[in-house]
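Structure, as structure tokens:
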Amino acid sequence: MAVIAAVPEFGLSIVKPLGAPSGKLATFIEVPFKVGELTCYPDGLIETARGSKQWTTLVEVKTGSAGLERPQIESYLDV
């Protein structure tokens, strides 16, 4: 996450194909979001803005045999 914000060309090469505007990137890790009674913690958050267009995405990383569970994704969609 830190490299995405610290190396603008690298960060933009990742987020531009996803529809992000070409602005300064800011990254955060484990930002807490309240979803009803539950608090969810995505692994990361990337945001950028240019003019009136603001773009934000949540990042979730799984390693090894760890699986992505449906309730986790649904809570992120609720965010």
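Taking only protein heavy atoms and a 1.4 Å probe, what accessible area per residue, in Å², does the chain have with all protein chains in place?
69
If each DSSP helix of 4+ residues adds -39,500 (n - 2.57) and the sum is divided by the residues in the chain, what number results at 222 nm, nearest 500 deg cm²/dmol?
Mean residue ellipticity at 222 nm (helix-derived): -7000 deg cm²/dmol.
In square nanometres and to one decimal, what's the mean projected area of the convex hull around the Cα atoms of the chain?
Working: hull surface 24.2 nm².
Over every viewing direction, the Cα hull of the chain projects on average to 6.0 nm².
Round to a whole number: what % of the accessible area of the range 1-66 belongs to carbon and sulfur, probe 1.4 Å?
59
The values are calculated or read from the model by the stated rules, or taken from the named source; none is laboratory data. In this text, all values refer to a predicted model and were calculated from it rather than measured experimentally. For the accessible areas, the whole protein counts, side chains as well, though only heavy atoms, and no ligand, DNA or RNA atoms are used. Shrake-Rupley method; radii C 1.70, N 1.55, O 1.52, S 1.80 Å.
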